[in-house]
1. Any idea which of 130, 121, 115 is within 30 Å of residue 153 (Cα to Cα), in contact with a Lys or Arg (Cβ under 8 Å, 6 or more places away or on another chain) and in contact (Cβ under 8 Å) with a residue 60 or more places away in the chain?
2. Among (1) farther than 22 Å from residue 31 by Cα; (2) among the hydroxyl-bearing types (Ser, Thr, Tyr); (3) not in a strand (DSSP E or B), which single condition is residue 161 missing?
3. Looking only at region 105-125, filter to residues that are over 8 Å from the mean Cα position of the chain (by Cα) and hydrophobic (A, V, I, L, M, F, W, C); which one of those is surrounded by the most Cβ atoms within 10 Å (Cβ to Cβ)?
4. Filtering region 133-153 down to residues that are part of a helix (DSSP H, G or I) and free of Cβ contacts under 8 Å to residues at least 60 places away in the same chain, which residue is surrounded by the most Cβ atoms within 10 Å (Cβ to Cβ)?
5. Residues in region 85-132 that are of a type in the set (Gly, Ala, Ser) and not in a helix (DSSP H, G or I): how many?
6. Which one of the conditions (1) surrounded by fewer than 19 Cβ atoms within 10 Å (Cβ to Cβ); (2) touching a Leu at 6+ places or on another chain (Cβ under 6 Å) does residue 184 fail to meet, given that it meets all the rest?
7. What number of residues within region 208-237 are basic (Lys, Arg) and modelled with pLDDT of 95 or more?
8. Filter region 112-128 down to residues that are out of contact with any Gly (no Cβ under 9 Å at 6 or more places or on another chain) and under 12 Å from residue 138 (Cα atoms), then give me how many there are.
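The values are calculated or read from the model by the stated rules, or taken from the named source; none is laboratory data. From a predicted model like this one, the values you see are computed outputs, not experimental measurements. No Cβ is skipped: glycine too gets one built from the backbone with ideal geometry, and neighbour counts run over all protein chains shown.
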Amino acid sequence: MTDPARNNLAIYDEAAAQWWSGDLRWVRTLKNLVPARLSHFDRLIDWPGKTVLDLGCAGGFMAEALADRGAFVTGIDPAAEAIAAARAHAEMRGLNIAYDVGVGEDLPYATESYDAVVCVDVLEHVRDLDRVMAEVARVLRPGGLFLFDTINRNPLARLATITVAEDILRLLPKGTHDPAMFIKPAELRAAMTGAGLTPGSFTGLGPRGINRRLDLTFGRLPLTAILYMGHATKGAA
């Protein structure tokens, strides 16, 4: 059963003014996850020239990384202030990224618009996973890729992400996640399959070290018990 005091999405708007400042430790943690995600995703797709939707882009860390790789990027997120911060930072850097306010359950894009949809730190927050996956499949072109990460649902994942990350280490604001909304890999595979996507391999994601600011750095892990990432493919027409 979901907890109304959790899954607090307001934190993304509240942090928008400082998103790119490096002042907030939890936001730096999100930024530090991007290289680990891309070290896996880069093996699956050649980004230059691809049209890519960053679903749940927040302040734009992943969107800018994809644009730097030569992709034509659109970012969408329900947090309007975070979108404004993302748009301003992209303009400052001269990056041509389109940003929209919206939700994964109702994407404002034409059918078969994108070569890839990237969705990180998002699926464990959505209210209707099946609807989101149906929308992802709709906007993907035949042969397109869905690239994601999310959080497994089990006692170990709850301990790591709620008790340790939120309550003890304060790596995330308290109430960021609702463990009832975490997703078991089998459940995600079923949602992908139901939307017409073919799931690929999944791999773990987690801490691998500490940087000079004493923030965690991340990389691929063999176990998917806590964080996991992977991909699915939309079949050819």
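1. Numbers: 130 fails: in contact with a Lys or Arg (Cβ under 8 Å, 6 or more places away or on another chain); 121 fails: in contact with a Lys or Arg (Cβ under 8 Å, 6 or more places away or on another chain).
Exactly one residue qualifies, and that residue is 115.
2. Unmet for residue 161, out of (1) farther than 22 Å from residue 31 by Cα; (2) among the hydroxyl-bearing types (Ser, Thr, Tyr); (3) not in a strand (DSSP E or B): (1).
3. Applying the filter and picking the extreme gives 117.
4. Of the residues in region 133-153, the ones part of a helix (DSSP H, G or I) are 133-139.
Checking which are free of Cβ contacts under 8 Å to residues at least 60 places away in the same chain leaves us with 135, 138.
Working: 135: 20, 138: 16.
Selected residue: 135.
5. Total meeting the criteria: 7.
6. Checking residue 184 against (1) surrounded by fewer than 19 Cβ atoms within 10 Å (Cβ to Cβ); (2) touching a Leu at 6+ places or on another chain (Cβ under 6 Å), the one that fails is (2).
7. 2
8. Residues meeting the conditions: 1.
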